[in-house]
Amino acid sequence: MPRLPEFDPTFCCNRLGAPCSHCAEACPVTALELTPLPRINPDRCLGCGACAAACPSGALSTRYGLTLLHNVASLNKKDITACCAAISRHQAAPGPSEILEIGSCLSCLGPDILINLASLGVERLKLLHGNCTSCPQGDGARQIHQVQKITAALLENAQSEIFISQVALKQKATHSGVSRRGFLGLLASSRRPRTQNLTNGKKNSFDHNSRARLHFGLRAVHAQGSAPVPLPSGDLTIAGPCTACGACANSCATSALQFEIKDNEFRLSFLPWRCIGCGHCTRACRAGSLNLFPGSVDSLCRAEPRLLFTGKVQKCVRCQSPTTQLVQGRYCEVCAKRLGLLTG
């Protein structure tokens, strides 16, 4: 039986009612259903990991990509060849490259894994796959092609030279040729400095979920740019009054929005790299003041939260809820409606 992806409902935006179906759409055999949380049918699952690579928040995960990162980090090699489950290390062409077996379909590798490989100083990465169209253990390389586009967009403005090439092997290890703009290999300039752990020694950045790995990896390679990338992400601005109800932060499954009250003052902060652009916060905003925009490389790299709104709060005399706007100087909006002081 294939190894099923791990699921952490804490990070799943469907948990709080935000519609997301990236994982189900990536599954090649419809083994994953949304009820509304992801539920995997073990009798149908191939264990390819495509759903985990497509999950924007890191709620679904596999160990294959993380194991690859740790192995590459321990080897300290600049030339790496990674083989899918259909290709053994003995079938790979001999050469100076360090050959590693992933143990699964290449579709289990998300952009967070490839970008962190670049941050480790890997100058040449070959991903070898067999005949994907006839392989019973994968998704026909569908997901990895999407990861190729995402990775290229994220690293477009990085301070490194990136070359994308294709190396494909048939099941019997017959070399099928190389295309400079095909599938996914990674060639980075040797001028790129090796990076230090960005978590100040508290925890290896690899061990966070995929969203955090993506953030740490992009910072490590000094990615830059303002153009949106084909990755679920978002950026928020506020253009109107904030009632300090906290509904937006309470509806955010990834904790991109943080709401706090202290000494009759409130702060609403936003951490862009955690935002997956689901829009649930804008629908939850009672004042309709939040505006959602596509994310960018810059927002995915931003480490510090951005203050969206701050102000004074008062308490409703009826329910004691904090708010910035009291009706008749006494009641919050909800109580005012219940008392008939407001309509609509």
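Where does each of 255-261, 271-277, 229-235 land if you order them by average Cβ count within 10 Å, highest first?
On the way: 255-261: 17.1, 271-277: 22.6, 229-235: 20.6.
Per-residue Cβ counts within 10 Å, averaged per peptide and sorted highest first, yield 271-277, 229-235, 255-261.
Quick one: which residues, 5+ away or cross-chain, put their amide H under 5 Å from the amide H of A82? H built at 1.01 Å from N.
Those qualifying (amide H under 5 Å, at least 5 residues apart or on another chain) are L100, K126, L127, L128.
Could you sort the peptides 5-16, 26-37 by per-residue average Cβ neighbour count (10 Å cutoff), highest mean leading? Let's see the in-between values first.
Values: 5-16: 17.8, 26-37: 15.7.
So the order, starting with the most tightly packed, is 5-16, 26-37.
Which one of C319, L308, C281 is farthest out on the positive end of the charge dipole of segment 277-319, using unit charges on Cβ (Lys, Arg +1; Asp, Glu -1) and the Cα centre as origin?
Toward the positive end, the furthest listed residue is C319.
Read the figures in this text as sums done on the coordinates, not as results from a lab. Because the structure is predicted, anything quoted here is derived from the model rather than measured. Positions of Cβ are backbone-derived with ideal geometry, glycine not excepted, and every protein chain shown enters the neighbour counts.
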